[in-house]
Amino acid sequence: MSKSELIYGMHAVDALLEQQPERVIEIYTLKGRDDQRLTDITVKAQEWGISVQPMQRKSLDEKSNDEQHQGIIARIKVAKVLTDNDLEPILDNLTEPPFLLILDGVTDPHNLGACLRSADAAGVHAVIIPKDNSASFTPVVRKVACGAAESMPLIHVTNLARCMRNLQEKGIWLYGTAGEAEQEVYDCKFAGGIAIAMGAEGKGLRRLTREHCDELIKLPMAGAVSSLNVSVATGVCLYEVVRQRR
């Protein structure tokens, strides 16, 4: 029997039904809730022959460990974890210059989910994370990602430095964010294949990751705070690339 996990939230469940309905085993909904959005998801599930079980709020709260489930939870088959080997065909099949996001040591699931959402919106082709010392797919990540977790390839690599070297060999230029950088993100000319490397909030990029970057960049900080939340900083950097590519 295949392993299963729970996901919750309207966007996450709806996105999975749209993109990978074969993974959805059953759905639990809040008993008595009657709104169009939930009805649409329920109808979609039933069209795929997926069981929908109404439940009391207490039962849903227990299933989601009191996270905000928005009145819907799905039990799904665990997806295959993508690794270095899966990155190769993604890059080979692109018809435009690669646009990648590297997250080094982002352990907070809310931050990972928000980064995935920004990456999906900006047209990033894949997000790369180290297998260890990083958040991975959890119900919280999927909910915060608002459906991006189902569409954005999340590549788990055992050796981030080696992966970065391989990207450089493919002609992909690696930009790392660091407070000590002399160049601001708005001074860069983003062209060709690009990977943006973001570090954990507070710690930033690890030394070895920083050393493997072709160029270090920073965001201008005009106020009293010394850094932005990693998901906010990621969105700013990604969309500067988007702006220039357009």
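The values are calculated or read from the model by the stated rules, or taken from the named source; none is laboratory data. This is a predicted model, so every value here is computed, not measured. No Cβ is skipped: glycine too gets one built from the backbone with ideal geometry, and neighbour counts run over all protein chains shown.
Here is how the numbers come out for the structure above:
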item: Hey, LEU228 more than 25 Å from HIS110 (Cβ to Cβ), assigned by TED's automatic domain parsing to the domain that holds SER118 and either of a type outside the set (Lys, Arg) or part of a loop (DSSP other than H, G, I, E, B) (or both) or not; result: no
item: When residues of the range 9-24 are limited to those that are out of contact with any helix residue (DSSP H, G or I) (no Cβ under 7 Å at 6 or more places or on another chain) and charged (D, E, K, R), the one nearest to ARG37 (Cα to Cα); result: GLU18
item: Whichever residue in the range 36-57 is among the hydrophobic types (A, V, I, L, M, F, W, C) and part of a loop (DSSP other than H, G, I, E, B) and, among such residues, is surrounded by the most Cβ atoms within 10 Å (Cβ to Cβ); result: ILE50
item: Matching residues in the range 25-51 - criterion: being more than 14 Å from MET10 (Cα to Cα) and in contact with a strand residue (DSSP E or B) (Cβ under 9 Å, 6 or more places away or on another chain); result: ILE25, GLU26, LYS31, GLY32, GLN46, TRP48, ILE50, SER51
item: Residue match in the range 131-154 (condition: over 17 Å from GLN19 (Cβ atoms), at pLDDT 95 or above and not aliphatic (A, V, I, L, M)); result: no
item: Conditions (1) hydrophobic (A, V, I, L, M, F, W, C); (2) closer than 30 Å to VAL81 by Cα; (3) modelled with pLDDT of 90 or more: number failed by ALA191; result: (2)
item: Residue tally, condition surrounded by fewer than 21 Cβ atoms within 10 Å (Cβ to Cβ) and closer than 23 Å to THR95 by Cβ, over the range 168-182; result: 6
item: Which listed residue is out of contact with any Pro (no Cβ under 9 Å at 6 or more places or on another chain), in a helix (DSSP H, G or I), surrounded by 15 or more Cβ atoms within 10 Å (Cβ to Cβ) and not assigned by TED's automatic domain parsing to the domain that holds ARG210, from LEU112, LEU60; result: LEU60
item: Single residue of the range 183-210 satisfying the filter (among the acidic types (Asp, Glu) and free of Cβ contacts under 8 Å to residues at least 40 places away in the same chain) that is surrounded by the fewest Cβ atoms within 10 Å (Cβ to Cβ); result: ASP187
item: Within the range 72-91, considering residues that are among the hydrophobic types (A, V, I, L, M, F, W, C) and under 13 Å from PRO21 (Cα atoms), the one nearest to the chain's Cα centre (by Cα); result: ALA79
item: Selected residue (criterion: modelled with the highest pLDDT) from residues of the range 59-82 that are farther than 25 Å from ALA121 by Cβ and of a type in the set (S, T, N, Q); result: SER59
item: Complete set of residues in the range 214-234 that are modelled with pLDDT of 75 or more and of a type in the set (A, V, I, L, M, F, W, C); result: LEU216, ILE217, LEU219, MET221, ALA222, LEU228, VAL230, VAL232, ALA233
item: Positions within the range 90-107 being assigned to a helix (DSSP H, G or I) and in contact (Cβ under 8 Å) with a residue 24 or more places away in the chain, in sequence order; result: ILE90, LEU91
item: Residues within the range 172-216 that are more than 19 Å from THR234 (Cβ to Cβ) and either in a strand (DSSP E or B) or in contact with a Pro (Cβ under 9 Å, 6 or more places away or on another chain) (or both), tallied; result: 2
item: Positions within the range 72-89 being assigned to a strand (DSSP E or B) and either surrounded by fewer than 21 Cβ atoms within 10 Å (Cβ to Cβ) or of a type in the set (Lys, Arg) (or both), in sequence order; result: ARG75, LYS77, LEU82, THR83
item: Residue under evaluation ASN133, criteria (1) crowded, with 19+ Cβ neighbours inside 10 Å; (2) closer than 30 Å to ILE73 by Cα, criterion not met; result: (1)
